[in-house]
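Take a look at the structure below.
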Amino acid sequence: MSNLQERGHLLTEQVNPNSLNLDKLSSLELVELFNTEDEKAVAAVAAAKVQLAEAIERTAESLHHGGRLFYIGAGTSGRLGVLDAAECPPTFCTPPELVQGIIAGGAGALLRSSEDLEDSASDGEAAIAQRQVTQLDVVVGITAGGTTPYVHGALQAARQRGATTIFIACVPRQQVEAAVDIDIRLLTGPEVVAGSTRLKAGTATKLALNIISTGTMVKLGKVYGNRMVDVAVTNQKLRDRALRILQDLTGLSREAAGFLLERSGKWVKLALLMYWTGLEKEEGARLLSEYKGNLRAAVEGTKKIAD
């Protein structure tokens, strides 16, 4: 154990002076304390807005040219990455391989703690090699405390392959350095329960991932205005949402919107294009493909041709 790394100096490991009497608080006082501390997660994300915006720009550019987005982490950080990746297909109708979450220990680590597996940098390198990461791809390493060898190994391997690398951590750069293209620090401070980064650090990380993935999809034309026009219509709730989008944007009755949705093959974006341009399904799909799936660009392009 002589080589055990001392981590007590890290911001995420320090003791929070506001929660020293945590075990003496009433339930209401606990809630109030957590609520106050959680406000720091939002502030931490706001402080990293420039780096988050750059991450969106670089990721959208990479995916536009055929690349993929990978999140990689261990423990809570890895689970958050997997969660964000898993939510992209139903929300934006993306193929599962476009945004992927990689967690140390694989699928089993999602349900059972496997934090001991985070200590292997070579496992992180192997995960990158297994997915044949290239210069077109983006790899986001997530580690609240910043020191996870699995993540650093993955990022180093990704850089060697020419991929865009992004680092998300909740400690300042002077405590842990990272040789990456975009360095995002979410400084949430000491946790209510010392060292438990599933709390504020985890909340800030989830917010940051929401911003990166959603912002990227907006840039890729996966929304129209603020509407989820690429929603996968796979259940009753999502069918209802699809119909409401069509009704709101076209003024059609629910019955007529349903008929239009079926004609489009249950693709809201295509249904809207068909309605606004008068194109049939096949021609509309071809036009959307020509405009890389961007509905607004396709509609405006059709208007220019007509003019």
At 0.36 nm per residue, and after removing the present C-alpha to C-alpha distance, how many nm does the segment from residue 300 to residue 218 gain when stretched out fully? 27.8 nm
From largest to smallest, what semi-axes in whole angstrom does segment 1-150 give when each is the square root of 5 times an eigenvalue of its alpha carbon gyration tensor? 31, 21, 16
Spin-label point model (7 Å from Cα, Cβ direction): what's the residue 259 to residue 23 distance in nm? 6.9
Can you compute the FRET efficiency between residue 247 and residue 46 using 1/(1 + (r/R0)^6), with r the Cβ-Cβ distance and R0 = 45 Å? Round to the nearest 0.05. 0.80
Of all DSSP beta bridges in segment 11-219, what percent run antiparallel (nearest 5)? 0
Measure nothing fancy, just the Cα-based angle from helix 75-92's long axis to the longest principal axis of the chain, in degrees from 0 to 90, nearest 10. 0
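Full-extension gain between residue 198 and residue 240, please, as 0.36 nm times their residue separation minus the C-alpha to C-alpha distance.
11.7 nm
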Compute the Rg to Rh ratio over segment 95-155 from the alpha carbon atoms, using the Kirkwood formula for Rh, and round to two decimal places. 0.95
Two-site label geometry, residue 111 and residue 83: point separation in nm, points 7 Å out along Cα→Cβ: 1.8
Report ³J(HN,Hα) in whole Hz for each residue of segment 267-276, in order, from the Karplus equation J = 6.51 cos²θ - 1.76 cosθ + 1.60 where θ = phi - 60°; Gly and Pro get x. 10, 4, 4, 5, 4, 5, 5, 4, 5, 6
Computed over the Cα atoms, what is the radius of gyration of segment 10-72 divided by 2.2 N^0.38 Å, N being its residue count? 1.75
Please give the Cα centre distance for segment 1-59 versus segment 72-139, rounded to the nearest Å. 23
Provide the FRET efficiency to the nearest 0.05 for the residue 32-residue 6 pair, computing r from the beta carbons and using R0 = 35 Å. 0.55
Per residue of segment 14-30, what does 6.51 cos²θ - 1.76 cosθ + 1.60 with θ = phi - 60° give for ³J(HN,Hα)? Whole Hz please, x for Gly and Pro, Karplus curve as stated. 6, 8, 7, x, 7, 10, 4, 9, 3, 6, 9, 7, 6, 4, 5, 5, 4
Restricting to lysine pairs 8 or more places apart or on different chains, what number in the chain have Cα atoms under 16 Å apart? 13
Phi-derived 3J(HN,Hα) across segment 191-207 with the Karplus relation (6.51, -1.76, 1.60, θ = phi - 60°), rounded Hz, x for Gly and Pro, is 7, 4, 9, 3, x, 8, 7, 6, 8, 4, 4, x, 5, 5, 5, 4, 4
Give me the angle, in degrees from 0 to 90, between the Cα long axis of helix 281-290 and the longest principal axis of the Cα atoms of the chain, rounded to the nearest 10. 50
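Here, each number is a calculation from the coordinates, and none is a lab measurement. All of these numbers come straight from a predicted model, not from anything done at the bench. Virtual Cβ from ideal backbone geometry, glycine too; neighbours counted across all protein chains shown.
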